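Notes follow the structure.
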Amino acid sequence: MNPVVGVAAFAAVSLATAVIGFYGLRISRTTGDFYVASRTVKPWWNASAIGGEYLSAASFLGVAGLILLSGTDALWYPVGYTAGYLMLLLFVAAPLRRSGAYTIPDFTEARLDSRAVRRVTSLVVVLVGWLYIVPQLHGAALAIRITTGLPAWVGPVAVVAVVCITVVAGGMRSITFVQAFQYWLKLTAVAVPIVFMLLVLGGNTSPAEAAPAVNPTALAPSGPYQVISLLVALLFGTLGLPHVLVRFYTNPDGQSARRTTLIVLGLLSVFYLFPTAYGMIGRAYAPDLAQSGPADALVLLLPGRLVGGAAGDLLSALVVAGAFGAFLSTTSGLVVSLAGVISQDVFGGSVRGFRLAALISALVPLGIASMTESLALAGSVGLVFAFTASTICPVLLLGIWWRGLTDAGAIAGMATGGVLCGSAMVAGSVLGAAQTPSWLAQPAAWTVPAAFAVTILVSRATRGRVPRTMTRLMTRLHTPERPLATER
């Protein structure tokens, strides 16, 4: 790929992001604008923004790379990512919107009437956010190195710089416009090159594909345990992602939250068709990337390989723009959600505190990313989902649907899930992929049930700590809003 084209694509999407973000600045004046866009975002607009921030580096680059490496086993990732939103629709979207809270710690404090629960939840949310931002920055480093020839550190630094500018300037109101734009950019960036590649391949009857019996990576097929554990992580982990949950606070009412989730399901289903197609085409026409090259770069490299010439460069530029859109939109959503938590707990909840917290939320993972090496993007994000499913998800689900939850049970459950899943992640990184047993590589199948069990058992043992405000709040969570009367 022509490096000039890569630099131009990267600069164009960064400039477009900054311009759209400054447009949002013009109407971001109040604290509510910065935290939840004053709860006025309509379903289609909000769904596009959710799609923009949810479709991260793992979705744009990692899914195709995993399909290249392991074939149909990797199809569970897009299935799990999409089905997790169905869980949101059924169990979380509308009640969470009715809670009236700005952040997840706001919700847990109100539900359990406990400052201690709030502190623990805030710590977990910040940790989850930082763990999720790091793969986005690794993806940016890979993309900038592959497509422009610039030093890898340029990608993460540029992403953090653009995100800080847009988030600090306009908060949630600003990035709502940015993320909605970036969803459609990403969809266009993966869909259009596929059309041209299929037209080219239609006239090519002798693809350079690997022999059918050859497994280029020597990876054993996933067994039932790996599949079940992965699905547990993705289904339950989606329920606890802070940057996704905060989006439901921006809807005007619970009905809008449910409608938003339905639209998101459609948008995600359409998008994931295309990374899957890249992976399958890559197995036939670029098997060398599975053996000796960076598999996560498949989406970036395939249009140039198959189309070639000026047309190939233009298609590659479009893909690069979409990739940077993915890094920017997901990182900005995470930074906003973390800034909301940190600013309320540390800086008093003011707009100035939000802006300072946004800088902290972006710079810390930048430091972590600079000191660590990139793993398979979808696989590393899958571990973050497992951690979220083991910590935030049990408290959130039980807090919405079970009256017996106590502050002691919530803290014990988050601590148990965090220690067990975190230990498995650390052990896996020390042992390496080849030496890590499946129960450590995919820990969600046992860490999530353990977290739920501890939460319930400790809550039963401390049933006297059920807050007196529980009945009133539970009624609020589960009473549908009355539709607004129409004027005659």
Just reorder Val246, Val458 by solvent-accessible area, largest first, 1.4 Å probe, all chains present.
Val458, Val246
Only helical DSSP H runs with n ≥ 4 go in: add -39500 (n - 2.57) per run for the chain, normalise by residue count and round the 222 nm mean residue ellipticity to 500 deg cm²/dmol.
-25500 deg cm²/dmol
With every protein chain kept in place and ligands, DNA and RNA left out, what is the accessible area per residue of segment 58-195? Probe 1.4 Å, answer in Å².
27 Å²
Sites Val195 and Val4, calculated FRET efficiency, Cβ-Cβ separation with R0 35 Å, nearest 0.05:
0.90
How many percent of the accessible area of the chain is carbon or sulfur, using a 1.4 Å probe?
68 percent
With the contact rule set at Cα under 8 Å and sequence spacing of 6 or more, what percent relative contact order holds for the chain?
30 percent
Any chance you could run the full-extension gain for Ser423 through Gln291? It's 0.36 nm times the residue separation minus the Cα-Cα distance, nm to one decimal.
44.5 nm
Once label points are set 7 Å from the Cα along Cα→Cβ at both Thr462 and Ala311, what is their separation, rounded to one decimal in nm?
6.5 nm
Name the chymotrypsin sites (Phe, Trp or Tyr not before Pro) in segment 384-445 that are in a loop by DSSP and that have at most 15 other C-beta atoms within 10 Å, would you?
Trp402
Whole-Hz couplings from phi, Karplus 6.51/-1.76/1.60, listed for segment 279-288; x for Gly and Pro:
x, 5, 5, x, 5, 8, 10, 9, x, 5
Average accessible area per residue (Å²) across segment 319-423 - probe 1.4 Å, nucleic acids and ligands excluded:
28 Å²
Given charges at Cβ of Lys, Arg, Asp, Glu: the chain dipole, positive-most of Ser316, Ala141, Gly353
Gly353
Phi angles of segment 123-136, converted by Karplus (6.51 cos²θ - 1.76 cosθ + 1.60, θ = phi - 60°) into ³J(HN,Hα) in whole Hz with x for Gly and Pro, give 4, 5, 4, 5, 4, 4, x, 5, 4, 7, 5, 4, x, 5
In the chain, once you exclude exposed GluC sites (Glu not before Pro) (DSSP loop, at most 10 other Cβ within 10 angstrom), what's the longest stretch remaining?
1-372
Extend 7 Å from the Cα of Arg403 along its Cα-to-C-beta direction; within segment 448-483, residues with backbone N under 11 Å of that point are 470-472, 474-475
Give me the distance in nm between label points sitting 7 Å out from Cα along the Cα-to-Cβ direction at Gln435 and Ala11, one decimal.
4.7 nm
Order the peptides 363-372, 189-198, 55-64, 69-78 from the highest to the lowest mean number of other Cβ atoms within 10 Å of their residues.
55-64, 69-78, 189-198, 363-372
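The values are calculated or read from the model by the stated rules, or taken from the named source; none is laboratory data. What you are looking at is a predicted structure, and each value in this text was computed from that prediction instead of being measured. Don't worry about glycine lacking a Cβ; one is built from the backbone with ideal geometry, like all the others, and counts go over all protein chains shown. These accessible areas exclude ligands, DNA and RNA; they are computed on the full protein's heavy atoms, side chains included. Shrake-Rupley method; radii C 1.70, N 1.55, O 1.52, S 1.80 Å.
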